[in-house]
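The values are calculated or read from the model by the stated rules, or taken from the named source; none is laboratory data. Just so we're clear, the structure is a prediction, and the values are computed from it rather than from any experiment. Backbone-built Cβ (ideal geometry, glycine too); neighbour counts: all protein chains shown.
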Amino acid sequence: MATARKTPVKRPASVSDASGAMKRTRGAQTKTNTQKIDGAIAASGRKTTIVKPAKSAALKAAKPETATRVNGVARSSKAGTEEAEALPLKGNGRAVAGDGANAQAIVPDTQHGEVVRKSRVVTADATVPVQIGGLTREVTRPDYWDRACADLMKRDRILKKLIPKFGEIHLVNLGDPFSTLARSVAGQQISTKAAQAIWERVKAACPEVHPAHFIKLGHDKLQACGLSRRKAEYILDLAQHFESGALHVDAWTSMDDEAVIAELTQIRGIGRWTAEMFLIFNLSRPDVLPLDDLGLIQAISVNYFSGEPVTRSEAREVAANWEPWRTVATWYMWRSLNPIPADH
């Protein structure tokens, strides 16, 4: 009897085979999607080109969770690692709020008091302004100026580019102690332009800037020049200190910086910032660092931190590389914001 044979039935692919096929299909789709995404990214990358500056010993990148060092200054990507110190409300060689009173912090974190910032990539040319020609001052250069510039250019990558842009201009010694201090008081808490206008009116009312003449001019006429009531009082009090002989004016050139600051800050209206401006613009001291000057803080932010806000302690760390020529470096920081030197 014939035996019936079963026709072999074609079995479907196993589950594992089907799964593999699905994976291969999904992989192909994922690859295609990835290529499209990458293509879009590549297209945007062609529109915006990021130029990375050359690495140096002063600029080291770290992982986001660790501290970053910018020109030798440690910066943390997490909030709360360092408290922001109080900063003034004026700058570029101008006075601060209260000039010795408590000032406000610059853009602090509301919980931790520290400024938190993201890393930025900028080109080297963005850190300093373009060269400004035709700036000359017909006044003797401080005897240490050229030596200081040469030294700073050797050790600081920003100043190496910034200093040559300003040629022969340099710090100017204003000469007269009373005039220097009175001008500083007049310029507190206002812009450079406003201070210049007020001081011109003061000089028109009292052509010879002398303590006795200011006392004779009186409070009302000083206030009529644009000075606030309080500033007029401060300048008259300063004039009285000069006239009475209470100040050791002749000894200031031989006193150290802190001793001069201590004596000057005993006068009403003169805080540490004004005393430091006196050390720079009258005594031509080479190593003054006016951390109460917002112009200096802003310039350090622009030149060393890509415009990100900085704390006083970070600014101090940057300036540690400038010693013993912090006055010179500060002066060039001011110039990077305002190329035309003001009287101060």
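Tabulated data for the structure shown
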| item | result |
| --- | --- |
| Helices (runs of 4 or more DSSP H) enclosed by the stretch 215-330 - at least 2 residues per element that are under 18 Å from T180 (Cβ atoms) | 229-244, 257-264, 272-281 |
| Unique residue being surrounded by fewer than 19 Cβ atoms within 10 Å (Cβ to Cβ), basic (K, R), touching a residue at least 24 places away in the same chain (Cβ under 8 Å) and more than 16 Å from T330 (Cβ to Cβ) when the list is R268, R272 | R268 |
| Residue check, K154 closer than 18 Å to P341 by Cα, at pLDDT 80 or above and of a type in the set (K, R) | no |
